[in-house]
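Accompanying notes for the structure given below.
The values are calculated or read from the model by the stated rules, or taken from the named source; none is laboratory data. This structure is a prediction, so every number in the text was calculated from the model and none was measured. Glycine gets a Cβ as well: all are built from the backbone with ideal geometry, and neighbour counts include every protein chain shown. These accessible areas exclude ligands, DNA and RNA; they are computed on the full protein's heavy atoms, side chains included. Shrake-Rupley method; radii C 1.70, N 1.55, O 1.52, S 1.80 Å.
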Amino acid sequence: HPIMGSRATGGRQNVRPVFDVVKCQYKIKPCDKHIAYYDCITSIGQFVAKTPQFEGDTDRFLQVWREPDPGVPYGISADVSEGIEIGKETDFHSIDVIEQLTGKQVAHWHGKCEPVQLGILLSHIGYRYNTAWLVPERNNHGTAVVGKLSELRYKNLYGEETPNPPHM
C-alpha cells in the first residue's frame, strides 16, 4: 500500500503510517467539485460554512471535496511558508488532506498566518478528519508548527527515527 510502510527493527516488524508526500504534491487530483468551504475559528476549533465572495476567493478557507467518513484513515501534509505579509510577494502555507486508502485529495487549505497559528489549524483539521496523521514540513518555520503540535499533544504527528545519527 503506498501510504502504509513497514520497517524491520531488531527482529520485530514495526508498522506505522508513512505519508507519500511526493504522491500528494505531484500525482493526486481532487475528488470532484468542491462541496463546501469552511473558515476555521482556531480559538474554539469550530469550522463555519462560508461562501466565497467571488471566484478565486478561497484563501484561508478549508476547501472540501469530501467530508470525513468515520473510520476512514487520512493523512495531512503541510507546506509551511516563510512569510506572512499580506499583499507582499511572500509564500503561502498549504495543507492537503488525503484519504489514505484511495490516495484521493479530499480537502485543501491555502493561506497566510503565523506558524504557531498554522499548528493550531492543522490540529483542528486533523481532528476533523479522524485524528489524521499530520506530516508538516520541518525545516525553517516548520519547526514552530511541529513545536505547537507537540505542545498541543496531537497524537498522530509523523516523525522519523534515525538509527545511527551522525556524531556532532
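Is there a residue being β-branched (Val, Ile, Thr) and touching a helix residue (DSSP H, G or I) at 6+ places or on another chain (Cβ under 6 Å) anywhere in the range 131-150? So that I can check it myself, show each step before the final result.
Step one: of the range 131-150, the residues β-branched (Val, Ile, Thr) are 131, 135, 143, 145-146.
From what's left, touching a helix residue (DSSP H, G or I) at 6+ places or on another chain (Cβ under 6 Å): 145.
There is at least one residue in the range 131-150 that is β-branched (Val, Ile, Thr) and touching a helix residue (DSSP H, G or I) at 6+ places or on another chain (Cβ under 6 Å).
What's the total number of residues in the range 106-115 that are outside any loop (DSSP other than H, G, I, E, B), open to solvent by 10 Å² or more (accessible area, probe 1.4 Å) and either modelled with pLDDT of 95 or more or out of contact with any Gly (no Cβ under 8 Å at 6 or more places or on another chain) (or both)?
The initial filter retains those residues of the range 106-115 that are outside any loop (DSSP other than H, G, I, E, B), namely 106-111, 115.
Now drop any that are not open to solvent by 10 Å² or more (accessible area, probe 1.4 Å), which leaves 108-110, 115.
Checking which are either modelled with pLDDT of 95 or more or out of contact with any Gly (no Cβ under 8 Å at 6 or more places or on another chain) (or both) leaves us with 108-110.
Looking only at that region, the number is 3.
Across the range 155-168, which residue is modelled with the lowest pLDDT among those that are closer than 20 Å to Tyr74 by Cβ and open to solvent by 90 Å² or more (accessible area, probe 1.4 Å)? Can you show your working first?
Residues of the range 155-168 that are closer than 20 Å to Tyr74 by Cβ, as a first pass: 155-160.
Still in the list and also open to solvent by 90 Å² or more (accessible area, probe 1.4 Å): 155, 160.
Working: Lys155: 95, Glu160: 74.
Selected residue: Glu160.
Identify the residue in the range 119-154 that is polar (S, T, N, Q) and part of a helix (DSSP H, G or I) and, among all such residues, is surrounded by the fewest Cβ atoms within 10 Å (Cβ to Cβ). Steps first, please.
So the first thing to find is which residues in the range 119-154 are polar (S, T, N, Q), and the list is 123, 130-131, 139-140, 143, 150.
If we keep only those that are part of a helix (DSSP H, G or I) as well, we get 123, 143, 150.
On the way: Ser123: 22, Thr143: 14, Ser150: 12.
Top of the filtered list is Ser150.
Under the condition of being farther than 19 Å from Asn156 by Cα and hydrophobic (A, V, I, L, M, F, W, C), which residue from the range 81-105 is modelled with the highest pLDDT?
Phe92
Could you tell me whether any residue of the range 54-73 is modelled with pLDDT under 95, small (Gly, Ala, Ser), closer than 22 Å to Tyr38 by Cα and open to solvent by less than 20 Å² (accessible area, probe 1.4 Å)?
No.
Kindly check whether there is at least one residue in the range 26-36 that is modelled with pLDDT of 85 or more and of a type outside the set (Asp, Glu). Steps first, answer last, please.
Keep residues of the range 26-36 that are modelled with pLDDT of 85 or more, which gives none.
Scanning the range 26-36 turns up no residue that is modelled with pLDDT of 85 or more and of a type outside the set (Asp, Glu).
Please go through the range 102-127 and give me each residue that is among the hydrophobic types (A, V, I, L, M, F, W, C) and farther than 22 Å from Glu151 by Cβ, ordered by number.
Within the range 102-127, Val106, Ala107 meet the criteria.
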